[in-house]
Every structure is written in structure tokens, then in C-alpha cells.
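Engineer: Dropping a structure here in C-alpha cells format, bear with me for questions.
The values are calculated or read from the model by the stated rules, or taken from the named source; none is laboratory data. Source: prediction; values computed, not measured. No Cβ is skipped: glycine too gets one built from the backbone with ideal geometry, and neighbour counts run over all protein chains shown.
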Amino acid sequence: MDLVEAMKTQRAMRRIKPDPVDDETLLRVLSLAIKAPTGSNKQGWEWIVVRDPAVKAKLGRRLRAAFRLYGGAGKLATRNDPKQRRNLEAVAWQAEHFEEIPVVIVPCLHGASFPYPWVARSSRYGSIYPAIQNLLLAARAEGLGAALTTLPLWNQIGARHALGLPLSVEPVAVIPIGWPVGNYGPTTRRPIEEITHLDRYGNKAFAKA
């Protein structure tokens with residue numbers, strides 16, 4: 001698929017069919033993910049592919065526990081916003097059907113998270129999020145549905161235990177992936193002129209007069 005087309009039509013696809021994803025397709029997506037740049041080219045990442053129903057069930061329980069808080073606040077926040085309410089309903093669907101999703105990918109970074117002061121965290125996670133975006137675009141190009149979530153990681157101890165992670169490896173995100181229910185984009189976004197500032201905040205020099 002043309003890269004521009006993939007970027008224009010990519011969106012979070014949370015409703016996923018239970019149909020299996022073959023190893024060849026999955027490894028092709030992951031191979032493109034790690035073409036992304038990383039700090040000092042250290043490539044300090046690990047990728048956990050979860051297919052085991054028992055492991056998915058553990059992550060699913062943690063997702064639903066977090067969603068009880070997230071979803072409760074979301075219902076209040078979106079009570080007068082039908083579009084955002086639909087998005088919340090998609091997250092709820094994913095939480096309810098998590099174990100049915102064929103593959104869950106957990107990107108991880110070497111090094112524990114707790115020694116890093118807040119000023120260094122953006123640099124740390126800058127070494128994995130470009131690869132995650134590569135993965136999402138590669139999934140789009142393959143016709144797969146995917147959406148990043150961090151809700152299962154709200155309970156870090158539980159997530160680490162479920163995945164068998166040592167303290168020296170930090171889970172950064174959880175990406176359910178599979179063949180989507182429904183269609184991709186085109187997506188709708190605010191005009192770039194409305195959110196672009198020149199030299200300083202508030203100087204919307206590109207906005208039409």
C-alpha cells in the first residue's frame with residue numbers, strides 16, 4: 001500500500017475478528033516496526049507476541065479493571081458528545097472481547113522505568129514510539145486492525161507477572177491486532193491551519209484570514 005494512503009486512512013481499530021493471523025504476516029509487520037530510528041541506535045526493545053489464551057485473559061482482566069475507572073469517567077465526559085461516546089463504546093467492546101482477539105503485541109524497553117527522572121522519560125520513550133507507529137502503519141498496509149492501549153499496564157506488577165517480565169524490561173504499550181470488523185478511514189481531523197503556530201504559541205500565521 002502507498003505510504004500516504006496508509007497514513008491518511010489509519011485509525012484505531014478496536015473491534016477485531018477472532019480469525020487467526022499467520023506468522024508470516026505478523027513477522028512482516030514486526031520487521032517493519034523495527035526499521036524505526038531509536039536513541040543512539042541502541043535498539044533496546046523487545047516485542048512480546050501474545051497468543052496464549054491464559055496470558056490474554058490475565059491482561060484482559062487488568063484492562064477491564066482499569067476501564068472501570070476510565071470508562072466511568074468517560075461516560076460523564078462524553079454524555080453530550082455522541083462522537084466521543086462512540087469511541088468510548090469501541091474501547092468498551094475491546095475490553096469485553098479482549099480474549100477473543102487473536103494476537104496482542106506488547107512493545108518493551110530494556111531498563112526499568114523507576115530510575116528515570118521525569119525529565120528523561122520523553123527521551124526514553126522516544127526510542128520505542130516511532131517503532132510502534134511503524135507497526136501500526138504496517139498493520140494498516142496488511143489490512144490488519146490495531147489500536148494502542150496502555151490500560152492493561154496501569155497495574156504494572158500484574159502485567160509484568162502475566163508476561164513473565166524481569167525488572168530489567170519495561171512494558172510500554174499493549175497493541176491488540178487482527179482482522180478488523182468494519183472499514184478503515186478516511187479519517188477526519190481538524191484543519192492543520194487551526195492547530196499550527198509559527199515561532200510562538202498563538203501565532204496562527206497559516207490560518208486563513
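Conditions (1) among the hydroxyl-bearing types (Ser, Thr, Tyr); (2) in contact with a His (Cβ under 6 Å, 6 or more places away or on another chain); (3) under 30 Å from Asp2 (Cβ atoms); (4) touching a residue at least 40 places away in the same chain (Cβ under 8 Å), marked per residue:
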{"site": "Ile48", "(1), (2), (3), (4)": "no, no, no, yes"}
{"site": "Gly72", "(1), (2), (3), (4)": "no, no, no, no"}
{"site": "Thr78", "(1), (2), (3), (4)": "yes, no, no, no"}
{"site": "Ile101", "(1), (2), (3), (4)": "no, no, yes, yes"}
{"site": "Val106", "(1), (2), (3), (4)": "no, no, yes, yes"}
{"site": "Ala112", "(1), (2), (3), (4)": "no, no, no, yes"}
{"site": "Thr149", "(1), (2), (3), (4)": "yes, no, yes, yes"}
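Engineer: Okay, next question. Would you mind stating whether Glu194 is at pLDDT below 95, among the charged types (D, E, K, R) and in a helix (DSSP H, G or I)?
Structural biologist: yes
Engineer: In the list Pro166, Pro186, which residue meets the criterion of being closer than 30 Å to Lys204 by Cβ, in a loop (DSSP other than H, G, I, E, B) and either among the small types (Gly, Ala, Ser) or modelled with pLDDT under 95 (or both)?
Structural biologist: Pro186
Engineer: Output the residue which, of all residues in region 139-157 that are touching a helix residue (DSSP H, G or I) at 6+ places or on another chain (Cβ under 6 Å) and part of a loop (DSSP other than H, G, I, E, B), is surrounded by the fewest Cβ atoms within 10 Å (Cβ to Cβ).
Structural biologist: The qualifying residue surrounded by the fewest Cβ atoms within 10 Å (Cβ to Cβ) is Trp154.
Engineer: Take Asp52 and tell me if it is more than 16 Å from the chain's Cα centre (by Cα) and under 22 Å from Leu137 (Cβ atoms).
Structural biologist: no
Engineer: Of the residues that sit in region 2-24 and are of a type in the set (Lys, Arg) and assigned to a loop (DSSP other than H, G, I, E, B), which one is farthest from Leu88 (Cα to Cα)?
Structural biologist: Top of the filtered list is Lys17.
Engineer: If only one of Leu69, Leu32, Leu88, Leu76 is in contact with a helix residue (DSSP H, G or I) (Cβ under 7 Å, 6 or more places away or on another chain) and either of a type in the set (D, E, K, R) or farther than 16 Å from Arg140 by Cα (or both), which one is it?
Structural biologist: Leu88
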